Amino acid sequence: MLGVALGFTLLLGLPLGVLLFLTGKQQLHARPGLYRLLSVLVNILRSLPFIILLILLIPLTALLTGTSLGVKGAIVPLVAGCTPFFARLVEIALREVDHGVVEATQAMGASTWQVIRHTLLPEARPALIAGVTVTAIVLVDCTAMAGVVGGGGLGDLAVRFGYQRFQTDVMVVTVALLVLLVQGLQISGDRLVLRYSRR
């Protein structure tokens, strides 16, 4: 559930974040109207609590996956909830790139696509990796919450066995596994950020 949701989140969130950056004020393709529209949509989706988003998207989830339960039923709301979050992190990471480097690339005749591919994304790589790490950790939190409504995964195990059947040992083990998963993601992300920061 985490892997598939993270894959789709990155696939959708990266272009959305780049578009937010490009259409922002004083950027390569500044479009204030489009930026405001995208920004409002991103902020609305980010402001909805995940449990409410999970319930709101049941019809769409059933239409796209054929079910609103289990792991398949959790993917659509997970992606819908985390894509805007990651897109905003991408926009912030791209804003941190030195504007002089971008101008130098443009002065050499690079197109917008070349500026994005050869300057913005490589220069922002450490911040983007940190954004992926944070997004993955948020997804772990959301996948655990998806278990409350039958989404499967560790959250479902904790609710059905740990809480409903009063098996405290199952609850403790589930929490420990979630903590270990988050720690593993954070350590891996930090190492990647450090590796690319040195280049």
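The values are calculated or read from the model by the stated rules, or taken from the named source; none is laboratory data. It should be emphasised that the depicted structure is a prediction, and the values quoted were computed from it without experimental measurement. Because the Cβ atoms are built from the backbone with ideal geometry, glycine has one as well, and the counts that use them run over all protein chains shown. Each accessible area value is taken on the protein alone, full model and side chains, heavy atoms only, with ligands, DNA and RNA left out. Shrake-Rupley method; radii C 1.70, N 1.55, O 1.52, S 1.80 Å.
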Please report the projected area of the stretch 53-128's Cα convex hull averaged over all directions, in nm². 6.5
Gain in length, VAL173 to ALA107, computed as 0.36 nm per residue apart minus the alpha-carbon separation, to one decimal in nm? 18.0 nm
Listed values [x] 8, 30, 31, 15, 10, 5, 2, 0; [y] 9, 36, 41, 14, 1; [z] 9, 30, 30, 20, 8, 2, 0, entry calculated as P(r) over Cα pairs in 10 Å bins from 0, in percent: [z]
Residue farthest toward the positive end of the dipole of the chain, with Cβ of Lys/Arg at +1 and Asp/Glu at -1: which of ALA158, ILE58, VAL170? ILE58
Write down the radius of gyration of the stretch 1-92 and its Dmax, each obtained from C-alpha positions, in Å. 14.3, 45
If a helix is a whole DSSP H run, which ones in the chain reach 27 Å or further along their own axis (Cα) and hold a mean Kyte-Doolittle hydropathy of at least 0.0? 2-23, 70-95, 125-146, 168-197
Excluding ligands, DNA and RNA, the carbon-plus-sulfur percentage of the accessible area of the stretch 1-121 with a 1.4 Å probe reads 69
Out of every Cα pair in the stretch 1-49, what percent are spaced more than 16 Å from each other? 49
Using label points projected 7 Å from each Cα along Cα→Cβ, tell me how many nm separate GLN26 and VAL182, to one decimal. 3.7
For the chain, the per residue accessible area (1.4 Å probe, Å²) is 56
Given LEU22, PHE86, ILE129, which one lies farthest toward the positive end of the charge dipole of the chain, if we put +1 on the Cβ of every Lys and Arg and -1 on the Cβ of every Asp and Glu? LEU22
Compute the label zone of ARG160 within the stretch 46-75: residues whose backbone N is under 11 Å from the point 7 Å along Cα-to-Cβ. 70-71
How much solvent-accessible surface does ARG160 expose, in Å² to the nearest 10, with a 1.4 Å probe and all protein chains in place? 100
Fully extended contour minus Cα-Cα distance, from ARG117 to VAL4, at 0.36 nm per residue: 38.2 nm
